[in-house]
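Contents: one structure, followed by commentary.
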Amino acid sequence: MHTKALLAALLAPAAVSAQLHELAVRAGLQYFGTALREGALNSDAQFAAILRDTREFGQIVPENGQKWESTQPSRGQFTYSQGDITANEAKRNSQFLRCHTLVWHSQLPSWVASGSWTRATLTSVIDTHMANVMGHYKGVCGHWDVVNEAINDDGTWRDSVFYRVFGTDYLPLSFELAKKHDPETKLYYNDYNLEYNQAKTDRAVEIVRIIQAAGAPIDGVGFQGHLIVGSTPSRANLATTLRRFTALGVDVAYTELDIRHSSLPASSQAQVTQGNDFANVVGSCLDVPRCVGVTVWSFTDKYSWVPSTFNGAGDALIYDSQFRKKAAWTSISSVLAAKATGAPPVSSSTSTPAQPTTTLVTRTTSASSTTQPTPTSAPTQPAQVRWGQCGGNGWTGPTTCQSPYTCQVLNPWYSQCL
Ligand code: 9MR
């Protein structure tokens, strides 16, 4: 087989059935998206092919390329080679671009973090940074994460050079300056562990209030969504938390979603629980009118920040490291399809956490055509791979699984090799 044909064959399954963004839009969201690992785009054809499939991802965001250390590593020296990778890709594929991030204590060059500043000099540094970086990306960023992670997990203010110099005044200041440099983009505050609705969430609500009280603009709050399998809040609780922010007149979005297993390898049950957790997060976004979209923080376990940060943890994404769709992918597609078609959700079982909370559909079925003819006689099919569909109403594909996996009924519409 020619290399080209071989590559096409390898890529075909993912490309043909990809549809999360398409389903998300039909379900009322603006996008379903992913972070782009800059180093992977040109070195990994499978990564690039899935990332460029706009039925799957209608939005992208640079994982690292627009951060301060990448864009202004030395004072006054601006470089956009890394940030442009994602911006160019968004343009090439007509994908919505989230931009990330401007004022953040991390990945901040030491000339800023360890500098000796007054309010006036640090204001000028932020202003200059935004003038250049936001200027460079003006007109192409749909959202900008203006301030990132200003709060500690216990709800106290994070100790950063910005907080030390300005106290909380750097919050409205940053948003005012951002508005000046790109009046069209939506300006976001972005943080993790807001999902638990505890002290940190209270403080984030206060941030929105501080900015608004100062007369500065803020358009949205990003819930990063770096969560843990089995510890993810319920769909209803997540929606309640999102509404605390939309009640203040701002949009919300899940901006960096991944749900990690605490230990590996993950059992079949843990895989299904992960799927339910993803479905609950995406479902909560569907339940809140001003929740505009969901972004996963890379889509494949091959490229994830998690294992290098949390020892022993991982497999936090929706494709495995060989680009096979996981139960998590299926659960997300199902919850989106349920909303898109108005199909009644399957009620979740309180006794078995592995039960999906929503209607599942076949992964190749578009949202508008979930009814499929039932086959009269099943043709002989090769055994299905792990996590593949193996049964359910209307299913015409394989009904047996490759060893050692077994076909497990998740609901009347979906059985899966687990
Ligand atoms: O995914 C990013 C990883 O490649 C970097 O090494 C890391 C450095 O801080 O940043 C990761 O992305 C972070 C994001 O920019 C902000 N929220 C937390 C993300 C995970 O750490």
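The values are calculated or read from the model by the stated rules, or taken from the named source; none is laboratory data. Bear in mind that the values here come from a model prediction, so they are computed numbers and not experimental data. Neighbour counts are summed over all protein chains in view; Cβ atoms, including those assigned to glycine, are modelled from backbone coordinates with ideal geometry. Just so you know, the surface numbers come from the protein's heavy atoms only, side chains and all, with ligands and any DNA or RNA stripped out. Shrake-Rupley method; radii C 1.70, N 1.55, O 1.52, S 1.80 Å.
Rounded to the nearest 20 Debye, what is the dipole magnitude of the stretch 209-345 about its Cα centre when Lys and Arg each give +1 and Asp and Glu each give -1 at the C-beta?
200
Round to the nearest 10 and report in Å² the accessible area of Ser114, as given by a 1.4 Å probe over the protein chains' heavy atoms.
90
Express in Å², to the nearest 10, the accessible area of Lys325 obtained by rolling a 1.4 Å probe over the protein heavy atoms while all chains stay in place.
Solvent-accessible area, nearest 10 Å²: 20 Å².
Calculate I(q)/I(0) for the stretch 88-205 by the Debye formula, one identical point scatterer on each C-alpha and no solvent, and give its log10 at q = 0.10 Å⁻¹ to two decimals.
So the normalised log intensities work out to -0.32.
Run the Debye formula on the Cα coordinates of the stretch 263-318, all scatterers equal and no solvent, and tell me log10 I(q)/I(0) at q = 0.15, 0.24, 0.25, 0.30 1/Å.
Taken in order of the listed q values, log10 I(q)/I(0) reads -0.52, -1.02, -1.06, -1.20.
Leaving out ligands and nucleic acids, and using a 1.4 Å probe, what accessible area per residue does the stretch 125-201 come to in Å²?
Accessible area per residue, the stretch 125-201: 35 Å².
Report, please, the projected area of the stretch 132-178 averaged over directions, based on the convex hull of its C-alpha atoms, in nm².
Approximately 4.0 nm², given one-decimal rounding.
For the stretch 141-287, what D do you get in µm² per second when you plug the Kirkwood radius from alpha-carbon pairs into Stokes-Einstein at 37 °C and 0.692 mPa s?
205
Could you point to the residue in Val146, Ser124, Thr185 farthest towards the positive end of the stretch 112-224's charge dipole, with +1 and -1 charges on the Cβ of Lys/Arg and Asp/Glu respectively?
Ser124
For the stretch 152-185 and the stretch 19-97, what is the separation of their Cα centres, given in Å?
Rounded to whole Å, the Cα centres lie 25 Å apart.
Percent of Cα-Cα pairs more than 18 Å apart in the stretch 23-70, please.
37
Between their Cα atoms, which of Lys91/Lys186; Lys180/Lys200; Lys91/Lys326; Lys67/Lys302; Lys302/Lys325; Lys179/Lys200 are more than 24 Å away from each other?
Lys180/Lys200; Lys91/Lys326; Lys179/Lys200
Work out Dmax and Rg for the stretch 183-248 from the C-alpha atoms and quote the Rg first, both in angstrom.
Cα radius of gyration and Dmax of the stretch 183-248 are 12.6, 41 Å respectively.
Carbon-plus-sulfur fraction of the accessible area of the stretch 67-224, 1.4 Å probe, in percent?
In the stretch 67-224, the share of accessible area belonging to carbon and sulfur is 46 percent.
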